[in-house]
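Worksheet: the structure to be examined is printed underneath.
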Amino acid sequence: MSSTSSTSSTSSPATTAPAASAPAARVPRLRKRGDQDTRRPRRSVLLTVLTGLVLVYTVVPLVWLLISATKTQEGLADSSGLWFADDFALWDNIGDTFTYNDGIFGRWLLNTLLYVVLGAGGATFLAILGGYALAKFDFPGKRGVFAVVIGAVAVPGTALAVPTFLMFSKMGLTDTPWAVIIPSLISPFGLYLMWVFATEAIPFELLEAARIDGAGEARTFFQVALPLLAPGIVTVLLFTTVATWNNYFLPLIMLKDPDWYPLTLGLSAWNSQAETIGGDVIFNLVITGSLLTIVPLIAAFLLLQKYWQSGLAAGSVKE
C-alpha cells in the first residue's frame, strides 16, 4: 500500500508538469455582426444609383445646350438633340448673338452685370454688417429680429413681387434699374448665414483683445473680424450672385423698356418671337445666348469653390 501510494505520488508531478508548462491555447475571438472596418467607407448600391441619376439629370441638359449651340436654325430641326449636325456653327452663332438687333445682347449682359454688382454686392455687404452685429452685440429685441429673419427666409420672393411693384409704382421707380437693384439688396438667407458663421468664426476674446489695445469698433470689424469672415462672405456672395443673375419674375413685372432687360428676360423675349406673326425664329441664338449666360456662373463657382466649401463646412465640427 505504501509503495503504491508513493509511486503514484511521485509519478503525478511528472505527468502534470508538461501540462503546466505548455502555453495556453489562444481562443479565436468571434467577430461580431456589427463590427465594421472604420478605415474603409461602406459602399451603398442605392446611394450610388441615386448619385448617378442626379449626375445624369444635371449633366444631360448642359451637354444638350453645348451641342445645340453648335447648330444652325436648320440643323436644330434636322439632327438629333444629343449629337452634332453636319455643320459646326458655334462661332457664327456667337457672333450673330452679339450683333442681332443692333447688339442688344451685349446691353442685356451689361445690365445683368450692373444688377449683380450693385444688387448682389450690396446684399452681401448688408448681410455681413447685419450678421456680425446680431452675432457679437446684445441689444433689446434681438430675439424678435431673429424671428423676423427666420420668417423672411420662409417667404418666397415671388409672394412679395406684386406688393413691391405697387410700392415702387407709387414712388415712380418702375421701369428703371432701381426697381431691380433695391429689392435685390435684401437677402434674409444671406443675413442668417452670416449670423451663424460670425457666431462660430469670431471668438469674443479676440474682439476684446482688440478693444483693449485701443481699436475702435470700425477698426475691429475691418481689420480683425472681416478677414475671419472671408469664407462666409464668399458663400453669401455666390448665393446672392446666382439669385440676382437668374432673377426673372421681378424684372418681368418691373421693366417695360427692353434696354433695361437682364439676360433672362431678354432671352425670353427672343424666344417669344416665334409665337408672334411675322416674328423671327432664332432658336439657335436663344440657345447660344443661354450658353453664354451660364459661362460666368460656372467660372465663378470654379474660382471660388474652395472658399465656398469651407464656408459651408464652418461650424460643423466642435473643437
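Under a point-charge model restricted to the Cβ atoms of Lys and Arg (+1) and Asp and Glu (-1), what is the dipole moment magnitude of the range 104-318 relative to its Cα centre, in debye to the nearest 20? Mind showing how you got there, number by number?
On the way: 10 positive and 11 negative charges, 64 e Å.
Rounded to the nearest 20 debye, it is 300 debye.
Surface listing: Val242, Val117 arranged by accessible area from highest to lowest gives Val117, Val242, probe 1.4 Å. Would the range 104-318 count as rounded, prolate or oblate if I go by the C-alpha gyration tensor, calling it rounded below 1.5 in a/c and otherwise prolate when a/b exceeds b/c, oblate otherwise? The shape class here is prolate.
Given the Cα-Cα distance of Trp178 and Phe249 and 0.36 nm per residue of separation, how much length would full extension add, in nm? Walk me through the numbers on the way to the answer.
Values: separation 71, 0.36 × 71 = 25.56 nm, distance 1.52 nm.
Fully extending the segment from Trp178 to Phe249 adds 24.0 nm.
Label the range 224-282 by shape, choosing from rounded, prolate and oblate, from the square roots a ≥ b ≥ c of the eigenvalues of the Cα gyration tensor; if a/c is under 1.5 it is rounded, and otherwise prolate applies when a/b is larger than b/c, oblate when it is not. List each step's numbers first, then the result.
Numbers: a/c = 5.06, a/b = 3.43, b/c = 1.47.
Here the range 224-282 falls in the prolate category.
Between Leu113 and Leu76, the contour length at 0.36 nm per residue exceeds the Cα-Cα span by 10.3 nm.
How do Tyr248, Tyr57 rank by accessible surface area computed with a 1.4 Å probe, from largest to smallest?
Working: Tyr248 90, Tyr57 180 Å².
These residues rank, largest area first, as Tyr57, Tyr248.
Based on the alpha-carbon gyration tensor of the range 47-88 and its eigenvalue square roots a ≥ b ≥ c, which shape applies: rounded if a/c is under 1.5, prolate if not and a/b is larger than b/c, or oblate? Judged from the Cα gyration tensor, the range 47-88 comes out prolate (a/c at least 1.5, a/b above b/c). Surface calculation, 1.4 Å probe, protein heavy atoms: Tyr307 sits at approximately 90 Å² accessible. For the pair Phe137 and Leu160 in one chain, pulling the backbone fully straight at 0.36 nm per residue adds 5.3 nm over the alpha carbon distance. Averaging 1/r over every pair of different alpha carbons in the range 197-239 and inverting the result gives a Kirkwood radius of 10.9 Å. Computed with a 1.4 Å probe over protein heavy atoms only, the accessible area of Thr235 comes to about 0 Å². Rolling a 1.4 angstrom probe over the range 47-88 with all protein chains present gives an accessible area of which 75% lies on carbon and sulfur atoms. Surface listing: Ser80, Ser68, Ser290 arranged by accessible area from highest to lowest gives Ser80, Ser290, Ser68, probe 1.4 Å. Centre-to-centre separation between the Cα atoms of the range 99-144 and those of the range 181-202: 11 Å.
The values are calculated or read from the model by the stated rules, or taken from the named source; none is laboratory data. Everything quoted here is computed from the prediction, not taken from an experiment. Here Cβ is always computed from backbone atoms with ideal geometry, including for glycine, and neighbour counts include all displayed protein chains. Keep in mind that these areas ignore ligands, DNA and RNA; they rest on the heavy atoms of the full protein, side chains included. Shrake-Rupley method; radii C 1.70, N 1.55, O 1.52, S 1.80 Å.
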